[in-house]
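The structure appears below as structure tokens.
Bear in mind these aren't lab numbers, they're just calculated from the coordinates by the rules spelled out. What you are looking at is a predicted structure, and each value in this text was computed from that prediction instead of being measured. Backbone-built Cβ (ideal geometry, glycine too); neighbour counts: all protein chains shown.
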Amino acid sequence: MKLILAMLLMFSGYAFAGCGNIDDHDQRAYCYTRESGGSCGNIDDHDLRERCNAENGNGSCGNIADHDQRTYCNARKSGGSCGNIDNHDLRERCNAENGNGSCGNISDHDQRTYCEAMKGNGSCGNISDHDLRTRCDANKR
């Protein structure tokens with residue numbers, strides 16, 4: 001029985017849900033930081049590192065160069081408006097996360113599924129993108 005359960009877990013993806021299975025170096029480092037609360041210093045991508053620092057209370061969203069990512073960060077931290085985000089899917093994700101919209105308005109299947117899973121309304125298993133699926137599984141643990 002234990003063997004069957006172990007095999008089911010392995011095939012479902014939960015056995016491999018850790019950050020270490022994310023291929024992208026920066027996304028993997030970001031995931032580890034979110035899991036452990038460690039330093040964002042290992043993230044090479046400037047905007048992702050600054051977002052990470054802002055989320056950990058060690059920086060400001062204002063240091064993010066990309067307008068949409070900066071606005072998203074500010075909206076998430078302060079509960080402010082997502083309306084100034086130009087990217088449709090990011091704006092809809094922001095609205096859904098802030099309780100002002102639905103994940104169903106996100107056009108991209110993987111991003112929509114990720115959003116729904118993070119809100120507790122779905123599974124990460126239907127996400128096609130390996131790194132996003134792994135991050136989703138890691139975040140749900």
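Below, the figures for the structure above:
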| read-out | value |
| --- | --- |
| Scan of the range 104-132 for residues that are of a type outside the set (Asp, Glu), assigned to a helix (DSSP H, G or I) and over 18 Å from Cys94 (Cα atoms), ordered by number | Cys124, Gly125, Asn126, His130 |
| Criterion violated by Leu48 - all others in (1) in a loop (DSSP other than H, G, I, E, B); (2) within 20 Å of His130 (Cβ to Cβ); (3) among the aliphatic types (A, V, I, L, M) satisfied | (1) |
| Qualifying position, being in contact (Cβ under 8 Å) with a residue 60 or more places away in the chain and acidic (Asp, Glu), among Glu92, Glu35 | Glu35 |
| Subset of the range 85-99 [more than 17 Å from Met118 (Cβ to Cβ) and either part of a helix (DSSP H, G or I) or of a type in the set (A, V, I, L, M, F, W, C) (or both)] | Ile85, His88 |
| Residue that is under 21 Å from Ile22 (Cβ atoms), surrounded by 20 or more Cβ atoms within 10 Å (Cβ to Cβ) and in contact (Cβ under 8 Å) with a residue 60 or more places away in the chain, where the choices are Thr134, Thr113 | Thr134 |
| From Asp108, Asp44, residue being within 16 Å of Asp26 (Cα to Cα) and either in contact (Cβ under 8 Å) with a residue 12 or more places away in the chain or surrounded by 15 or more Cβ atoms within 10 Å (Cβ to Cβ) (or both) | Asp44 |
| Filtered residues of the range 56-84 (kept if in a helix (DSSP H, G or I), surrounded by 15 or more Cβ atoms within 10 Å (Cβ to Cβ) and out of contact with any Lys or Arg (no Cβ under 7 Å at 6 or more places or on another chain)) | Asn63, Asp68, Arg70, Thr71, Tyr72, Asn74, Ala75, Arg76 |
